[in-house]
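Here's the structure we're looking at; comments come further down.
The values are calculated or read from the model by the stated rules, or taken from the named source; none is laboratory data. Quick caveat: nothing in here was measured; it's all calculated off a predicted structure. Here the Cβ positions follow ideal geometry from the backbone for every residue, glycine too, while neighbour counts run over all protein chains shown. Accessible surface is based on the protein model in full, side chains and every heavy atom, while ligands, DNA and RNA are left aside. Shrake-Rupley method; radii C 1.70, N 1.55, O 1.52, S 1.80 Å.
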Amino acid sequence: MAKQLSLLDFQTWFPDEDSCYRLLLDRRWPNGFVCPKCGTQNATRMTSRAYTFACKDCGAQTSATAGTIMHRTRLPLRAWFCAAHLMTTHSNGMSARQMAGQIGISYPAAWLLEQKLRRAMIDPERAPLDGVIEIDQTEMPFHDLEEPGKPLKEGKILVIGAVEVRDRTTGKAQKPRALGAKYLDTLSGRCRMAVIPSNEKPNIHAFIQANIAPGATLVSDGHASYTGLAGYRHDPRVIGNMAAHIPLRWIHRVFALLKRWGLGTYHGFRREHIDSYLNEFVFRYNRRHYRHVSFETILGLSTDHAPMSYWDIIKRGNPRKNEPVNRKSPRRRKTQDGDQIDGTGPRKRVKPPQTGGDGST
Ligand SMILES: [Zn+2]
């Protein structure tokens, strides 16, 4: 189990922007900066732009955050690192309202920051679920933005979920048994979830193919849409009058946790962003036994995540795209010495005057 990074460790390791920047450089270019355009290592760090390299061969300027989820951020790197630290150490996550207060940024900035971190939580190369899998669907309650203040609706957001069944004694994947046989003394393994537009076969089959390894045994409630998919072993359970959580114990527990988490931490999900909440839930669930994952994972430093803009996230076009820019004040940019007006060149470093005494307080 990885040791949890305490708040004090965090503050010691990342006291300033530079320490965050060094970690970023080390993870992205462990053998020294490589120009992404021409592939040479012949570059210098710019003084007029913060955390940016200029290639001596092709002239390309590359920021340390370019191409990561922190691409073009206006927030300090410390705000990102701190948010990722809070999201990983708080076992239930944190609402944007709480995050805003914790880091001292506005609510919209905190909301966007969290959305970006949630998107980095999926490992694109994760292995599909395997072995014996319980699979089922549920409906999620959601907030209706048209009628804020109204109680949560039992919406028609249909969520499909699958969870691996493991053997309790060995902790390893459960060996498939005869069709209809009971699986006793089990644990749950990893899970996956997705929103589907309807219960029809194409949606369900697509989810299975995207998330479950061929050859796996699918234990379901016998819904007609599961059948007819070649390459999997179907083990339908007729639920009848029995409570559904008896034959499909683990997936029902996962759904119950999802609903409780949504109400507890976020006071209900919002329909538009349900995918990112599901990502976060699956990320936490699959790491529940080693909860304190490195915040580097969630910053996307261990895997590649293409940057997303606010407009990508809310799935709308930027209405000001291609419009001439009408600036009220000169454009500023981050440099090593703090913000400065664009085009004015590097500011001279001024040494603070030496004062008497040992400076201790
Ligand atoms: Zn270059």
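Each residue of segment 262-272 was assigned a 3J(HN,Hα) from its phi angle through the Karplus curve 6.51 cos²θ - 1.76 cosθ + 1.60 (θ = phi - 60°); the sequence is x, 6, x, 8, 10, 6, x, 7, 9, 3, 5 Hz, with glycine and proline shown as x. In the full protein context, segment 1-113 carries 53 Å² of accessible surface per residue, based on a 1.4 Å probe and ignoring ligands, DNA and RNA. Applying a threshold of 32 Å to the alpha-carbon distances of K116/K328; K175/K259; K56/K328; K116/K259 flags K56/K328 as lying beyond it. Reducing segment 24-55 and segment 190-263 to their Cα centroids gives an inter-centroid distance of 47 Å. Annotation: amide H-H contacts under 5 Å for R237 (H modelled 1.01 Å from N, sequence separation of 5 or more, or interchain): S220, D221, G222.
When the alpha-carbon atoms of segment 1-151 are used, the pair Rg, Dmax equals 19.8, 61 angstrom.
What is the calculated FRET efficiency for H289 to A66, with r their C-beta to C-beta distance and R₀ = 25 Å, to the nearest 0.05? Present the calculation step by step, with values, prior to reporting the outcome.
On the way: r = 35 Å, r/R0 = 1.41.
The formula returns an efficiency of 0.10 here.
Taking each residue as 0.36 nm, the span from H223 to S198 lengthens on full extension beyond its C-alpha to C-alpha distance by 7.7 nm. 3J(HN,Hα) along segment 102-112, derived from phi through the Karplus expression 6.51 cos²θ - 1.76 cosθ + 1.60 where θ = phi - 60°, amounts to 5, 9, x, 10, 6, 4, x, 5, 5, 4, 5 Hz, with x in place of Gly and Pro.
Applied to segment 32-49, the Karplus parametrisation 6.51 cos²θ - 1.76 cosθ + 1.60 on θ = phi - 60° returns per-residue 3J(HN,Hα) values of x, 4, 10, 5, x, 8, 10, x, 8, 9, 8, 9, 10, 7, 7, 9, 8, 9 Hz, with x for Gly and Pro.
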